[in-house]
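All remarks here apply to the structure that follows.
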Amino acid sequence: MIQTGRVIASMIDYFAGDARRINHFMKVYGFAKTIGELEQLDERTLLILEVAAVTHDIGIKNSEIKYNSSAGCYQQTEGPPEAKKLLEDLWFDKELIERVCWLIAHHHTYDDIVDIDCQILIEADFLVNAYEDDLSAEAVQHVEQLIFRTKTGKRLLNEMYTKK
């Protein structure tokens, strides 16, 4: 049984000294796991989702070094090679690594979301970013209409940001 805890520990090592980035991926992981479980994902898809949630921003480090930017387009380019190395070192299977890398390469691409693992990863990241970026109520509603599709993701978004 592969444990997501090993990925978390490796990512904490990867982002050592950067508590902000570590806290971000831990929050995204928590929301992704919650949505995935409540949406009743199968065990394999849930594992892929959890690993992708933990590693989704791994490209930020190299993006900031190479481009002096953490923009999503750079993260999507720089992230997959870093994630591949990290996950190979943890002995994950090739299929899982390829899917996680694909999710990392698309987690800032919001049009034509087809697969449930991608949908949930994007929703979980938005749940965290809405708070971290202090989005207005109007912006949150706009994001919900454009991106959110899962019943659980919508419920969490509304409970967190629209209820007083």
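The values are calculated or read from the model by the stated rules, or taken from the named source; none is laboratory data. Just so it is clear, the structure is predicted and the values come from calculations on it, not from any experiment. A quick note on method: Cβ atoms are made from the backbone with ideal geometry, for glycine too, and the neighbour counts reach across all protein chains shown. Ligands, DNA and RNA are excluded from the accessible area calculation, which covers all protein heavy atoms including side chains. Shrake-Rupley method; radii C 1.70, N 1.55, O 1.52, S 1.80 Å.
Counting only protein heavy atoms and using a 1.4 Å probe, what share of the accessible area of region 38-164 belongs to carbon plus sulfur, as a whole percent?
Roughly 49 percent, rounded to a whole number.
Compute the accessible area per residue over region 75-160, keeping the other protein chains in place, probe 1.4 Å, unit Å².
It amounts to 53 Å² per residue over region 75-160.
Over region 1-40, give the accessible area per residue in Å² for a 1.4 Å probe, as an integer.
56 Å²
By how many nm would the segment from Q40 to I113 grow when fully extended, if each residue of separation counts as 0.36 nm and the alpha-carbon distance is taken off?
Gain on extension, Q40 to I113, equals 24.4 nm.
Under the rule of -39500 (n - 2.57) per DSSP H run of 4 or more residues, summed and divided by the residues of the chain, what mean residue ellipticity at 222 nm is obtained, to the nearest 500 deg cm²/dmol?
Per the formula, -23500 deg cm²/dmol.
Compute the length gained on full extension between Y131 and W102: take 0.36 nm times their separation in residues and subtract their Cα-Cα distance, giving the result in nm to one decimal.
Full extension from Y131 to W102 adds 7.9 nm.
Pop a pseudo-label 7 angstrom from the Cα along the beta-carbon direction at both T162 and N68 and give the gap in nm to one decimal.
4.1 nm
Which distance in Å, rounded to a whole number, links the C-alpha centroids of region 39-57 and region 70-133?
10 Å
Would you mind checking the radius of gyration and Dmax of the chain based on alpha-carbon positions, in Å?
In Å, with Rg to one decimal and Dmax whole: 15.1, 46.
Which is farthest toward the positive dipole end of region 1-144 among C118, Y131, N23, measuring Cα position about the Cα centre, with Cβ charges +1 (Lys, Arg) and -1 (Asp, Glu)?
It is N23, whose Cα lies furthest towards the positive end.
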